[in-house]
Amino acid sequence: MKVAAVIVTYNRKELLLECMQAVLKQTYKIDEIILIDNNSTDGTYEYMNKNRVLEHDNVTYIKLEKNIGGAGGFYEGMKLAREKKYDWVWIMDDDTIPQNDCLQKLIEAKEKVKEKISFMASSIYGEKGEFMNTPAIDDTLEENGYSSWYKYLSKGMVTIKDATFVSLLINGEAIRKCGLPIKDYFIWGDDTEYTSRIVKNFGKAYLIGDSIAIHKRKNSKHTTLLYEDNEKRISMYYYMYRNNLINKKLYEGKKGVFKTYVKCLVYTLKILSSKTNYKMKKILVMHKGILAYFFKMYDYEAVNNRFKS
């Protein structure tokens, strides 16, 4: 069984080094580590080279000509892994630090399940042990009206319906059948769309309790525009609102879009009545993303043809 790891990085060389060292120390042997550098300007290549990470025979380093976001980075990395016909592809950002047996626990869990699996997700914690990147439980009802998400609970596994790209082991067959992430998303929502896509069209997904990784994001709180205090990051929320509406249309239809739009209007009032900073900037970014969805200011063809990517 051939396994490749895909890591996407941008201007976080110290974190990347820690991530790479953790991946190289995995108790389950990885055939290749595909490192996608989103055109970092902080000397990432020199730093990795200085620390002898790139000397390993199984490390493939690719520096892109421009920053195409996490979505674009995973698109390129998973595309290469698909071309090389890997059985499983383990993906993560550069601030993900997996425990030494993180991958092995994912592989072992795979053997406990008889159904076809689209992906398995690690349990993610912050640096202080706080819960992070918690996936949505699959509450699909069985014929008797009850959901079966705890079918493998005794084995430390629960069924989920989507997840973030923080230590996911994805079935290579699912990638070949269902295509690649939508790179035009740039950031936010690409992981939700992609994991929803392969669960719906390939097989079930599971959260693995004893496969553990630490997510060293500076702010471990849930990402929200209201509480964003970094002015430079506010403009990025354009993608969050645009992409979320695209996802709602794809997987919940017009009703999902309408509900989300109403929530955005309510959220606008919440921002206006709050003590948050940069109120107008936040509101303008949110509604810019909403308008981008309604006026199809995105790669509409890529979304419609996502299975052929």
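The values are calculated or read from the model by the stated rules, or taken from the named source; none is laboratory data. Here the structure is a predicted model, which means the values were calculated and not measured. Every residue, glycine as well, gets a Cβ built from its backbone with ideal geometry; the counts of neighbours run over all protein chains shown.
The sole residue among Ile214, Ile208, Ile175, Ile160 that is in a helix (DSSP H, G or I), modelled with pLDDT of 95 or more and either surrounded by 20 or more Cβ atoms within 10 Å (Cβ to Cβ) or in the same structural domain as Glu127 (by TED's automatic domain parsing) (or both) is Ile175. With respect to (1) assigned to a strand (DSSP E or B); (2) closer than 19 Å to Cys102 by Cα, the lone exception for Phe165 is condition (1).
Conditions (1) more than 19 Å from Val8 (Cα to Cα); (2) small (Gly, Ala, Ser); (3) modelled with pLDDT under 95, marked per residue:
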| position | (1), (2), (3) |
| --- | --- |
| Asp93 | no, no, no |
| Thr96 | no, no, no |
| Asn100 | yes, no, no |
| Leu103 | no, no, no |
| Ile107 | yes, no, no |
| Lys110 | yes, no, yes |
| Glu115 | yes, no, yes |
| Phe119 | no, no, no |
| Ser123 | yes, yes, no |
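Count, please, the residues in segment 219-235 that happen to be more than 17 Å from Ile271 (Cα to Cα) and either in the same structural domain as Phe258 (by TED's automatic domain parsing) or free of Cβ contacts under 8 Å to residues at least 12 places away in the same chain (or both).
Here the count works out to 3.
Acidic (Asp, Glu), surrounded by fewer than 19 Cβ atoms within 10 Å (Cβ to Cβ) and touching a strand residue (DSSP E or B) at 6+ places or on another chain (Cβ under 8 Å): is that true of Asp95 in this structure?
yes
May I ask you to list the residues in segment 112-133 that are under 14 Å from Leu207 (Cα atoms) and surrounded by fewer than 16 Cβ atoms within 10 Å (Cβ to Cβ)? Lys112, Phe131, listed by residue number. Within segment 19-40, which residues are at pLDDT 95 or above and either surrounded by fewer than 16 Cβ atoms within 10 Å (Cβ to Cβ) or farther than 24 Å from Ile68 by Cβ (or both)? Once the filter is applied, which keeps residues that are at pLDDT 95 or above and either surrounded by fewer than 16 Cβ atoms within 10 Å (Cβ to Cβ) or farther than 24 Å from Ile68 by Cβ (or both), segment 19-40 yields Gln21, Ala22, Leu24, Lys25, Gln26, Thr27, Tyr28, Ile30, Asp31, Asn39. Within segment 284-304, residues that are in a loop (DSSP other than H, G, I, E, B) reach partners that are acidic (Asp, Glu) with beta carbons closer than 8 Å, at six or more positions or on different chains, in the pairs Tyr298/Asp184; Asp299/Asp184.
A quick yes/no check of all residues on (1) under 30 Å from Gly156 (Cα atoms); (2) among the hydroxyl-bearing types (Ser, Thr, Tyr):
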| site | (1), (2) |
| --- | --- |
| Ile208 | yes, no |
| Ser211 | yes, yes |
| Ile214 | yes, no |
| Arg217 | yes, no |
| His222 | yes, no |
| Leu226 | no, no |
| Glu231 | no, no |
| Ser235 | no, yes |
| Leu245 | no, no |
